[in-house]
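K.L.:
Here you go, one structure.
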Amino acid sequence: MHINEPKSQLIRKTMDSPDEVREVTEIMLAIFRINGRLLERGDDLVRPLGIASAQWQVLGAVSLAEKPLSAPQIAEAMGITRQGVQKQLNRMLKDNLFEKLPNPRHERSSLYRPTPKGEHVYSEAMRRETLWAHDLAKGLPGPALRETLDLLKNFLRRLDIPLPDEGDRR
């Protein structure tokens, strides 16, 4: 598909694809929408704590690792850019949510760990998330949730498959 093709031709190519290809396209679109809504609703959830979803993600990456991490390690753990992580870390250092430590393995890449205040904010964010997840789970069958999780994990692994060449016209 080329950018210069009319929109209707691009849509037709997707619609003329095998069922699995159309469904994968629909899954990608649903994930984009879900991601946007999760960030929006996550911001609403943690705003009273003085943080945003992006900061919650960074706190979560370090808290789940149970050890100080560098900005690149946080970025890799959360699937976000190092620059995005560093921006959030800088804000959270100012807000006393993180402290910066020397990294014995790399002098230019500091390690970060939550302060007691950061640990408290993360704990409260997770308390709120648990209540929210409880409400979201109501009426959703457990086996379908497990199947969905397995599918999404497999989908995530498959995203490492090489992208098609620019000239590929399947």
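K.L.:
Among what's in the range 81-108 and is of a type in the set (S, T, N, Q) and either in contact (Cβ under 8 Å) with a residue 60 or more places away in the chain or in contact with a Ser or Thr (Cβ under 6 Å, 6 or more places away or on another chain) (or both), pick the residue that is surrounded by the fewest Cβ atoms within 10 Å (Cβ to Cβ).
P.N.:
Per the stated criteria, the residue is N96.
K.L.:
Of the residues L145, L140, L111, which is over 19 Å from G60 (Cβ atoms), modelled with pLDDT of 95 or more, surrounded by 11 or more Cβ atoms within 10 Å (Cβ to Cβ) and not acidic (D, E)? Step through it out loud before you land on a result.
P.N.:
Working: L140 fails: surrounded by 11 or more Cβ atoms within 10 Å (Cβ to Cβ); L111 fails: over 19 Å from G60 (Cβ atoms).
So the residue among L145, L140, L111 that is over 19 Å from G60 (Cβ atoms), modelled with pLDDT of 95 or more, surrounded by 11 or more Cβ atoms within 10 Å (Cβ to Cβ) and not acidic (D, E) is L145.
K.L.:
For the range 122-148, which residues satisfy the criterion of being in a helix (DSSP H, G or I) and either touching a Phe, Trp or Tyr at 6+ places or on another chain (Cβ under 6 Å) or more than 25 Å from A52 (Cα to Cα) (or both)? Explain how you work it out, then say what you get.
P.N.:
Here is the first cut: in the range 122-148, the residues in a helix (DSSP H, G or I) are 122-137, 142-148.
Scanning the range 122-148 gives A125, G142, P143, A144, L145, R146, E147, T148.
K.L.:
In the range 69-80, which residue that is surrounded by fewer than 19 Cβ atoms within 10 Å (Cβ to Cβ) and closer than 22 Å to L49 by Cβ is modelled with the highest pLDDT?
P.N.:
A77
K.L.:
Within the range 149-170, how many residues are part of a helix (DSSP H, G or I) and more than 19 Å from F32 (Cα to Cα)?
P.N.:
Number of matching residues: 0.
K.L.:
When you go through L45, L49, L39 one by one, which is the residue that is under 18 Å from W132 (Cβ atoms), of a type in the set (A, V, I, L, M, F, W, C) and under 15 Å from the mean Cα position of the chain (by Cα)?
P.N.:
L39
K.L.:
Oh, and also: Got a sec? Which helices (runs of 4 or more DSSP H) wholly within the range 17-78 have at least 2 residues that are within 16 Å of L93 (Cα to Cα)?
P.N.:
Because the criterion is at least 2 residues that are within 16 Å of L93 (Cα to Cα), the helices (runs of 4 or more DSSP H) in the range 17-78 that meet it are 53-65, 71-78.
K.L.:
I'd like to check something: does the range 29-50 contain any residue that is of a type in the set (S, T, N, Q) and either in contact with a Lys or Arg (Cβ under 7 Å, 6 or more places away or on another chain) or surrounded by 14 or more Cβ atoms within 10 Å (Cβ to Cβ) (or both)?
P.N.:
no
The values are calculated or read from the model by the stated rules, or taken from the named source; none is laboratory data. Because the structure is a prediction, the values reported are computed rather than measured. Reconstructed Cβ throughout: ideal geometry from the backbone, glycine too, with neighbour counts over all protein chains shown.
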